[in-house]
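The values are calculated or read from the model by the stated rules, or taken from the named source; none is laboratory data. Just so it is clear, the structure is predicted and the values come from calculations on it, not from any experiment. Glycine gets a Cβ as well: all are built from the backbone with ideal geometry, and neighbour counts include every protein chain shown.
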Amino acid sequence: MHMRRLRTGLLLLLVSILVLAVWRPGVGATQQSDQPADINRFFDGLVGEWIGTFAQANGKVQAPTKYFHAVVTVSGPASYKSVFEYYRIDEKTHKPVQAGISQMITSIDPDGTATNVIIGKGDVIINDEETPETHQFSETLRMTSLGVLQGLGKGSIKANGQNGKVSNYASTWTMHAGSFRIVQQIRVTFRVLFFSWGTNISTDFTGSRGSDIMGLISTSEEKANHAPPKSDH
């Protein structure tokens, strides 16, 4: 009887070891593949044309609302290319004019993160007013459990002949029901001779599916012109 129980116990132990050996690699593979699939799905969902508005502020000054037209394409097995064209309303002609352009190259890494390299030109708030600029950023994006992308990075901005170093770069990306939003927060530090000064800048992109950027601008400006004046109270 004792030997029979011993053989039964050894058999159960052997079966348990075999089950663990087969089951554990499968669990590990699933955990490693879930995040890349999610981040790929996010950028797959961005592929196509978008139109929308974006706002820029530095804590003291809010720049006039601008508009953008974006085209996102698949450029490789795990890479994407995005081109953003920016528009503003000319103060004299009251017509939309192009105010800049940015190109973003996205690469999905095997560890489930994404790397963005962004270069372009536009306007930035310096000394409480907008001035033409060129920029270059790089960031690493990670997917949260809620399906939100969060990015951290660095870069540079050149404006008024000064080179600014971008630190504390952070972005948040969300997408829902045919619309998306990108919020960026950056700290720019300029150095002139022995002096340096910095400013915090935030941008907020809100877009929806579409290609008729001029139609969007016309409708938005018409609504703004017919909006009731803001109360001082």
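Points to keep in mind about this one:
- Those residues of segment 168-177 which are free of Cβ contacts under 8 Å to residues at least 12 places away in the same chain and surrounded by 14 or more Cβ atoms within 10 Å (Cβ to Cβ), in sequence order: none
- The residue of segment 178-207 that is nearest to the chain's Cα centre (by Cα), among those that are surrounded by fewer than 18 Cβ atoms within 10 Å (Cβ to Cβ) and of a type in the set (A, V, I, L, M), is Val183.
- Some residue of segment 147-158 being more than 17 Å from the chain's Cα centre (by Cα), β-branched (Val, Ile, Thr) and surrounded by fewer than 16 Cβ atoms within 10 Å (Cβ to Cβ): no
- Check on Ile126, within 21 Å of Ser202 (Cα to Cα) and either under 17 Å from the mean Cα position of the chain (by Cα) or of a type in the set (A, V, I, L, M) (or both): yes
- Strands (runs of 3 or more DSSP E) lying entirely in segment 62-111 (those with 2 or more residues that are at pLDDT 95 or above and over 21 Å from Ile51 (Cα atoms)): 96-108
- The single condition among (1) over 22 Å from Gly100 (Cα atoms); (2) assigned to a strand (DSSP E or B); (3) charged (D, E, K, R) that Arg187 does not satisfy is (1).
- Residue pairs whose Cβ atoms lie under 8 Å apart, separated by 6 or more positions or on different chains, with the first residue in segment 47-72 and closer than 16 Å to Gly122 by Cα and the second in a loop (DSSP other than H, G, I, E, B) and small (Gly, Ala, Ser), are Ala55/Ala63; Gln56/Ala63; Ala57/Ala63; His69/Ser211.
- Met175 vs. criteria outside any strand (DSSP E or B) and within 25 Å of the chain's Cα centre (by Cα): no
- The residues in segment 112-145 that are touching a residue at least 60 places away in the same chain (Cβ under 8 Å), assigned to a strand (DSSP E or B) and more than 14 Å from Phe43 (Cβ to Cβ) can be counted, and the count is 6.
- Residue in segment 90-138 that is farthest from Val71 (Cα to Cα), counting only those that are touching a strand residue (DSSP E or B) at 6+ places or on another chain (Cβ under 6 Å), of a type in the set (Val, Ile, Thr) and surrounded by fewer than 19 Cβ atoms within 10 Å (Cβ to Cβ): Thr131
- Number of positions in segment 203-221 that are assigned to a helix (DSSP H, G or I) and in contact (Cβ under 8 Å) with a residue 24 or more places away in the chain: 6
- Any hit, segment 92-105, residues being touching a residue at least 60 places away in the same chain (Cβ under 8 Å), touching a Ser or Thr at 6+ places or on another chain (Cβ under 9 Å) and under 21 Å from Thr206 (Cβ atoms): yes
- Looking only at residues of segment 39-60 that are aromatic (Phe, Trp, Tyr) and part of a strand (DSSP E or B), we find that the one that is modelled with the highest pLDDT is Trp50.
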